[in-house]
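Okay, so here's the structure we're looking at.
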Amino acid sequence: MRVLNHLELESHLDRSGIGTSVSHQRAALAKTDVSVCTSLWNGETPVRAIENALGGRLDTSQPSHSNGDLFASIDLAHCNMIGPSSVAIAQYAHRQDIPLILHAHVTREDFAESFRGSSAVGKPLERYLRWFYSQADLVLCPSQYTKQVLESYPIDAPIRPITNGIDIDSLSGFESLREEYRTRFDLDGTVVFAVGSVFERKGLTTFCELAQATDYEFAWFGTYDTGPQASSTVRRWTKHPPENVTFTGWIDDKRGAFAAGDIYLFPSKVENQGLVVLEAMACGKAVILRDIPVFEEYYTHGEDCLMCATMDEFEDALAELASNPELRERLGENARETAATHSLDRVADKLVDAYQKVTTV
């Protein structure tokens, strides 16, 4: 089976959770009999597609898959974003009677409080997503929670949850970076940390207010915008952070974040899964989460994490973990076991099963 696994704006999304999820898909499929191409162009680029169509090839060392056309010969199209090129691929798939899978990484709910004006476009975005996702033969999404959100729009297509998975090997050796990254960002003592893009949706205000209420070092490893596209909340906190909060900006090795931090704090308001939580768990970190439905689906309070609903509960959880290394170790070990259940082998099995479902109907 030859599958188009497409990510629109791939070079701009490589630092995002969506980009990481797609890299997990491709790494998982590499272990199967599924052949993957990442562009509809026959040869991955328009220039190479023209060369192929004319009977010549720029790189004769690579397999052709040429059908004498500008477009690749595929058995299934799997799109991971919602923009113009994904719409064009969906329409092409329909014209060519090629099965279509659309991966719902974006919902109205999780787009809110991300960028300036993102909440204001909620209703139009929901209408667009309803139309776009309803074109699919099958919609994949990261969780049962997201499935219920999509059903509420409603989406006129079958929907199947599948974990984004975790590439545990990509975190190997993180411990060796602890001193380097703590020195680089002047971190000392117990470090409460977060990883990923800085958005209010991900609990930025809660993160900073907890820092103001405690004496621990807080560090958020990830990119943030301060220009016109940034929300006023992000600009306010990142330009004038509490004294014990460090916003690192982009780091070249995510392993350094998991090495430098001690307690992973993720008070996100809405997530479709929360891939960075799995990464923190795979590193054996004690994790504190906001008590929201999607986390209850995957994690268990008191076993592999602590879940909190109020500021008082967050403060108590931080104090308990900071003062109790045995609890941190127990939660961390259980968290490693949880992360292992989201391996790329599991992702591969579920993707292949989904592909077979839509190609054998």
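Brief remarks on what is shown
- Scanning the chain for DSSP H helices at least 15 Å long along the axis (C-alpha atoms) with a Kyte-Doolittle mean no lower than -0.5 picks out 17-29, 84-95, 311-323, 344-359.
- Efficiency of FRET from Cβ geometry, Gln356 and Thr226, R₀ 56 Å, rounded to 0.05: 0.75
- Length released on extending from Asp75 to His12, taking residue separation times 0.36 nm less the Cα-Cα span: 20.0 nm
- Rg and Dmax [Cα atoms of the chain; Å; Rg one decimal, Dmax integer]: 21.6, 69
- Structure-based [θ]222 nm, the chain - -39500 (n - 2.57) summed over DSSP H runs of at least 4, per residue, nearest 500: -12000 deg cm²/dmol
- Rounded to the nearest 20, the Cβ-based charge dipole of the chain about its Cα centre (Lys and Arg +1, Asp and Glu -1) stands at 1320 debye.
- Estimated FRET transfer efficiency (Leu327, Ala120; beta-carbon r; R0 56 Å; 0.05): 0.85
- Evaluated over the stretch 254-310, the Cα radius of gyration and Dmax, each in Å: 10.7, 30
- Inter-label distance, nm, simple model (7 Å from Cα along the C-beta direction), Asp186/Asp215: 2.0
- Between Thr310 and Asp349, the FRET efficiency from the beta-carbon distance, with R0 = 45 Å, is close to 0.70.
- The stretch 179-221 and the stretch 138-171 have Cα centres separated by 29 Å.
- Dimensionless Rg/Rh of the stretch 213-266 - Kirkwood Rh, Rg from C-alpha atoms: 0.98
- Of Thr360, Thr338, the order by accessible heavy-atom surface (1.4 Å probe, DNA, RNA and ligands excluded), from most exposed downward, is Thr360, Thr338.
- Overall size of the stretch 262-361 from C-alpha positions, given as principal axis extents largest first: 55, 25, 16 Å.
The values are calculated or read from the model by the stated rules, or taken from the named source; none is laboratory data. Keep in mind that what you see is a predicted model, and the values were worked out from it rather than measured. For neighbour counting, all protein chains shown are included, and Cβ atoms are generated from backbone atoms with ideal geometry for every residue, glycine included. The accessibility values were calculated without ligands, DNA or RNA, using every heavy atom of the protein model including side chains. Shrake-Rupley method; radii C 1.70, N 1.55, O 1.52, S 1.80 Å.
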